[in-house]
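The values are calculated or read from the model by the stated rules, or taken from the named source; none is laboratory data. All figures in this text were calculated on a predicted structure; none of them were measured in a lab. FYI the Cβ positions are ideal-geometry reconstructions off the backbone, even for glycines, and counts take in every protein chain you see. Note: accessible area is taken over every heavy atom of the protein model, side chains too, but ligands, DNA and RNA are not part of it. Shrake-Rupley method; radii C 1.70, N 1.55, O 1.52, S 1.80 Å.
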Amino acid sequence: MNTDFGRVTLVVLFAIVPIVGIALGMRAPALRSKIPLLVAFFAGLIPIFSMYIPKRFLSGDSGMSPRLDQWLIIVAGFALLLGLTNVISNSYRKISRRDKGWPYAIVLLAGLFIMGGFGIYGAISRQGTGFLPNGSPTPFRWVETTVFQPLQATIFALLAFFMASAAFRAFRARNTEATILLVAGAIVMTGRVPLLEFLAAPFPALHPAAAAASQFMGKATEWIMDTPNGAAQSGIIIGAALGAASMGIRVILGIERGYLGLGKGE
Amino acid sequence: MRLTASSLAVLTLLLGAVPAGAVAPVTTPPPPLELPAPTAFVAVDRPGDGGSAILLTWTDPTPLPEGTVLEVRRSEPPADEFAALQTVKPGTQRYVDASAEDGKTYRYELRVRGAETPDSLGIAGAVGPALVSDPVSPHDNWFRPERTNSLIASILFIALILSSIAAARSGKPIFIRRIAGLNAIDEAIGRATELGKKVLYVPGIQSMDEIQTIASMAILGHVARATARYGTDLDVPNRDPLTFVSARETVHSAYLAEGRPDLHREDMVHYVTYDQFAYTAAVSAQMTRERPAAIFLVGYFFAESLILAETGQSTGAIQIAGQADPTQLPFFVATCDYTLIGEELYAASAYLSREPVLLGSMRGQDIAKGLLLVIGIIGIISVSLGATWFMDLVKTQ
Amino acid sequence: MQALLLRLLALDRRWIFLLVLISVMTPIIVPIGLPVTTTSSTRSAFDFVEALQPGDVVWLSFDYGPSSAPENDPMAQAFLRQCFIKELRVIVTALYPLGGLGLANQSVAKVTAEFPEAKYGVDYINLGYKDGAAAVMRTLGQDIASAFPTDVNGRPVSEFPIMQGLRTIRQVDLVFTASTGLIGEWWITQVYSQFGTPVIIGPTAVSAPKYYAFLNSGQLVGMLGGMKGAAEYENLLAAKHETLGKYYRGTKDFTATKGMDGQTVLHGVILALIVLGNLAFFLTRGKKAGAA
Amino acid sequence: MEFAGFGTWLAAFLTLAAFSFLYKDNPFFRFAESLFAGVSLGYYVGNVLNQTLVPNLFEPLAQNFGTNWDLLVPGLLGLMLYMRAAPRIGWISRYALGIYVAYYIGVDFTRRIHGEVLPQIARTIRPLNSLEATTLVSLIFIVGVYSVLVYFFFSKEQNAVTRPLARLGTSFLMISFGAAFGFTVMGRVALLIGRLNFLILDWIYPTIGLQ
């Protein structure tokens, strides 16, 4: 049995203390928020210390910080079941009440149970979700490539259409700011592709000029992306990082606790 | 045949040193080379690491004859035999032995080794005099010295935020400038109430490990209190299950805080699916079918931002977006009525609640920005005057 | 006229959608073959790889899914071809959870079929997929074998000559990540910043602007921005290495260079729409002001 | 081979059904969307089981309990999340959520200061002591970063100095947004090319016997 210092500390902090806390919380409602916040405080300190302290018990391959990370990946895995039960109960309610569009809830559940069933079968049979030893795909994999991936890629591809319609509407010179947006956008769109060469294609006399202009637009695009855009991005990143770090401090100290459904006083 | 990396490296060097197609001379073997010795050979525990590594440094001899390599050898007790460990290209002048084990003591030997020529293939080339290090053993360390600057910066920042919060708690009034996107929140919910339509709140697609999601939860709390006050319907579809859990808690406690648990329904916050685009398709379809009057897109979004915002735009809803990461901001700016940009997302909870603690930490962020501007300008002046050391102060590893 | 302009301003989006579809579909059926100019971020990436020596170890990570494959596939394949022709040793991984491994396997199979002399386990190895990209990268700085104990086929990595003496990512000469989303950025913040291994990134066009910040601060060696970057790389590669030209002049499969045709036409269409929209906007606004 | 042909037809049908949303919401799209929601959730159930829970929890516990006994704790924390279903002891789930959030916020905190604030401010520290084009570019860059930072000052009323600076910052932001939008069009078109490649090269051409 592995009883390293780091390992035992983790278990004490994140299993023993919570269990004691739950027992106490059953009687004293005030502790139902205080002890979770205290435990969270320790969870937040571990990676910060690990950043600066390379000691093995803390930052080694199975030290406290990487080990807690491994734990929490598992916790997140458990959470999916919560979403799953919510979807099943909502769909079931829709069907039993014959709500508008209820047949589609059947389609949804059918897709879910078929695909989920293949996945569970893969886990139990140790067949996995990839290919069988003979090279043919598992049923899970087959549905993945013929249903899941095409739909995913197609919804993603809708963006090409929405980019065009959004550009048509938003890129209007209504005021100074909109004009700046428009000009920058138009230059970059021209500079990204050999558009000028394409337009000059029917006129051989213009080919050198078009090539040079295209080159120039490419350079201009690069400069815009690099300098003014790079500067604005840096500014946003610095500001946002400070905002995030400050919020992080508040969360770790338990000042910001709304995400747990806790008000100020609780 | 199994080639080791070291023999490959030797081979590589050999191939580089010998012109292609050179014919092996059939005459006498070459005269023994007089190879020089490296200097300043030191072996220490590699500082600032988690153990299991020894750092070797030395100075290459000059001139170093063409086609030579440096050979590192190691002995570990109880055996006193040195065994070849690695050959290093000239000019590197350092080697990390990452195969050392904590608690063992090693000695290292370093020497220049002549390249093997084709006529003496398989025979070790000439070697120069060897330097031997003091015994050394690796161990894990308490501090990474190369991160001193970021440690100091972090401590300063924490101190700044905490003292600003303390100052704000003591009653010092704090001004906050107008943020249009946040003023619009109540307006949008008011319109939904008038029209008798619902408010759709999309909290991004990331989990609770992303701080923008937590900021979004703070804004959701405010939105939910407003819909509770006005008796407007609220709908929060989720992609991430942990965010779903947290959104439920947030909305529930907002309705309790407003004294309207009667208006709260569990299914206001519901789960859709874990896939980014399946979620996007479902939420977009929901927008076109239910036509909410107000749409909030606040949190961390990826490519789906434009699909959601453009679909929402086509339904005629008032749209308010917010994201701290810059990548999706252009699309929100192009399609939404109001967009919270970057740090504005984090300022939202302070702005909306006017709580002294939050206003104080926002004040602390402003002071930090001011300090960064000052450091930046001092830095620019000093590097312009030729002081290159300044860069080392802010460089992180 | 006035009525027409007003109607243009309120144009149903579906007409725009139709126009988009036609302009992208046409070049796929009837290729055009337009020239491409090279940006400096692509060139510096290319030059860096060209300057590597035979036997140097590079790390190619497939950090994208099927949805961005038209952009990322050509980059990864061009880079892989360059590695094999330069006799670099290549370690392949996939860190993108949704289909990254499948794409890695496809690209590796396709390119290694073109270079029969490249030996598995000696000249290249496929370490497969591992969950939790950021944590994996942190582990790579300590011990590659503990992040990837086996290759994609489940054989221990210690069996392969290419992995001998290679303990951490610090010993790798270059990381090339073809990426979408956040994983590419982690190679910079987790690997370059902490272990110093140079990184070239091939992001999707959408995340490319973000990486200019890293490019300028020297945290990146070079970048291939989206399909254009991939087409530039293909051109540089075909120009430098005659023998590779044949893969970029065929008609059968898809290359970034061909994709650029459709891109060019559609960019032209969108720009024309914007110009028309603004013309209509100004003309009708002028009229309204005059009438008032 | 028949089966593979069926797969292509199915994928093509779903692709067209999903595209039909562009025209308007319709039963085909609704079918595809519902199927997608269900299948994708099933996919992740399979994925989480096979890629997360089996290799990270069940296998380590089964194979080497002595080293991995502590993995019972995340199992316990995972179960605590489900307490949310019972209203009276719902507060127990706070432990799991609190630990999860705080740990990653801690990771994030170090990344922000170390990986973002310091390197980004370091980028602005450039020499301005020579009369060259690069100096001008550096100056524009520095002014851009700092003016955007001034835009993000919240707790101070803007005055004669900061107001124009913040406006300048807004202009930089607008350039950035316009440019990034224009830059992105390509990537999105690439996706459409990918789908059309599938429809044309993999489905229509073989179907009509063209190759």
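Structural remarks
- Residue in region A:155-168 that is farther than 22 Å from A:F216 by Cβ, at pLDDT below 95, of a type in the set (G, A, S) and open to solvent by 10 Å² or more (accessible area, probe 1.4 Å) present: no
- Each residue in region C:1-32 was checked for being open to solvent by 50 Å² or more (accessible area, probe 1.4 Å) and assigned to a helix (DSSP H, G or I), and 15 pass.
- Residues that are within 8 Å of another protein chain (Cβ to nearest Cβ) and at pLDDT 95 or above within region B:290-308 comprise B:L306, B:I307, listed in sequence order.
- Residue list for region A:10-32, restricted to those being assigned to a helix (DSSP H, G or I) and out of contact with any helix residue (DSSP H, G or I) (no Cβ under 7 Å at 6 or more places or on another chain): A:V12, A:I16, A:I19, A:V20, A:A23, A:M26, A:R27
- First in region D:3-29 and open to solvent by 10 Å² or more (accessible area, probe 1.4 Å), second anywhere and of a type in the set (K, R), Cβ under 9 Å, 6 or more apart: D:F19/D:R195; D:L22/C:R13; D:L22/C:R14; D:Y23/C:R14; D:K24/C:R14; D:D25/B:R289
Yes or no, residue by residue, for (1) surrounded by fewer than 22 Cβ atoms within 10 Å (Cβ to Cβ); (2) under 25 Å from A:R250 (Cα atoms); (3) at the interface with another protein chain (Cβ under 7 Å from one of its Cβ atoms):
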site: A:M1; (1), (2), (3): yes, no, yes
site: A:D4; (1), (2), (3): yes, no, no
site: A:A30; (1), (2), (3): yes, yes, no
site: A:K55; (1), (2), (3): yes, no, yes
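- Qualifying residue in region D:17-25 (condition: over 20 Å from B:S284 (Cβ atoms), part of a helix (DSSP H, G or I) and either touching a helix residue (DSSP H, G or I) at 6+ places or on another chain (Cβ under 8 Å) or small (G, A, S) (or both)): no
- In region B:149-190, the residues that are among the β-branched types (V, I, T) and open to solvent by 30 Å² or more (accessible area, probe 1.4 Å): B:I152, B:I155, B:I158, B:I174
- Cβ-Cβ distances below 9 Å connect the following pairs, each with a first residue in region B:92-109 that is hydroxyl-bearing (S, T, Y), a second residue that is open to solvent by 60 Å² or more (accessible area, probe 1.4 Å), and a separation of six or more residues or different chains: B:S99/C:R167; B:T105/B:E76; B:T105/B:P77; B:T105/B:P135; B:Y106/B:E76; B:Y106/B:P77; B:Y106/B:P135; B:Y108/B:V132.
- Whether a residue is at the interface with chain A (Cβ under 7 Å from one of its Cβ atoms), of a type in the set (F, W, Y) and not in a loop (DSSP other than H, G, I, E, B) was assessed, and D:F141 passes this test.
- Matching residues in region B:257-296 - criterion: being under 25 Å from A:L84 (Cβ atoms), outside any helix (DSSP H, G or I), among the hydrophobic types (A, V, I, L, M, F, W, C) and open to solvent by less than 10 Å² (accessible area, probe 1.4 Å): B:V269
- Region B:191-207 - residue that is among the basic types (K, R) and in contact with a Ser or Thr (Cβ under 9 Å, 6 or more places away or on another chain) and, of those, least open to solvent (accessible area, probe 1.4 Å): B:K198
- B:T227 being touching a residue at least 40 places away in the same chain (Cβ under 8 Å), crowded, with 24+ Cβ neighbours inside 10 Å and polar (S, T, N, Q): no
- Residues of region D:154-179 that are in contact with a Phe, Trp or Tyr (Cβ under 7 Å, 6 or more places away or on another chain), at pLDDT 95 or above and open to solvent by 10 Å² or more (accessible area, probe 1.4 Å): D:T170 alone.
- The numbered conditions (1) touching a residue at least 12 places away in the same chain (Cβ under 8 Å); (2) within 14 Å of chain A (Cβ to nearest Cβ) are all true for C:T255 except (2).
- The set of residues in region B:361-392 being open to solvent by 20 Å² or more (accessible area, probe 1.4 Å), touching a residue at least 60 places away in the same chain (Cβ under 8 Å) and facing chain D (nearest Cβ under 7 Å) consists of B:R363 alone.
- Count of residues meeting criterion [within 14 Å of another protein chain (Cβ to nearest Cβ) and either closer than 19 Å to B:A348 by Cα or of a type in the set (A, V, I, L, M, F, W, C) (or both)] in region B:223-242: 6
- If you filter region B:103-156 down to residues that are more than 30 Å from A:S246 (Cα to Cα), modelled with pLDDT of 90 or more and within 14 Å of another protein chain (Cβ to nearest Cβ), you find that the one that is nearest to the chain's Cα centre (by Cα) is B:D140.
- So B:K395, is it among the charged types (D, E, K, R), within 9 Å of another protein chain (Cβ to nearest Cβ) and either open to solvent by 10 Å² or more (accessible area, probe 1.4 Å) or closer than 30 Å to B:A294 by Cβ (or both): yes
- Spans of helices (runs of 4 or more DSSP H) in region C:149-260 with at least 1 residues open to solvent by 10 Å² or more (accessible area, probe 1.4 Å), farther than 25 Å from D:R123 by Cα and outside the structural domain of C:N72 (by TED's automatic domain parsing): none
- Among residues that are more than 7 Å from chain A (Cβ to nearest Cβ) and at pLDDT below 95, D:G182 is not included.
- Lone qualifier among D:V45, D:V73 - being at the interface with another protein chain (Cβ under 7 Å from one of its Cβ atoms), more than 30 Å from B:K369 (Cα to Cα) and crowded, with 24+ Cβ neighbours inside 10 Å: D:V45
- The residue that is nearest to B:E101 (Cα to Cα), among those in region B:61-75 that are modelled with pLDDT of 85 or more and open to solvent by 20 Å² or more (accessible area, probe 1.4 Å), is B:R74.
- Selection count where residues are closer than 16 Å to B:R177 by Cβ and either at the interface with chain A (Cβ under 8 Å from one of its Cβ atoms) or in a strand (DSSP E or B) (or both), scope region B:330-360: 10
- Some residue of region A:82-92 being facing another protein chain (nearest Cβ under 7 Å), assigned to a helix (DSSP H, G or I) and of a type in the set (F, W, Y): no
- Residue list for region C:33-57, restricted to those being open to solvent by less than 60 Å² (accessible area, probe 1.4 Å) and either more than 11 Å from every other protein chain (Cβ to nearest Cβ) or not in a loop (DSSP other than H, G, I, E, B) (or both): C:S41, C:T42, C:S44, C:A45, C:F46, C:V49, C:E50, C:L52, C:V57
- The set of residues in region A:180-204 that are of a type outside the set (A, V, I, L, M, F, W, C) and either facing chain D (nearest Cβ under 7 Å) or under 14 Å from D:A179 (Cα atoms) (or both) comprises A:G185, A:T190, A:G191, A:R192.
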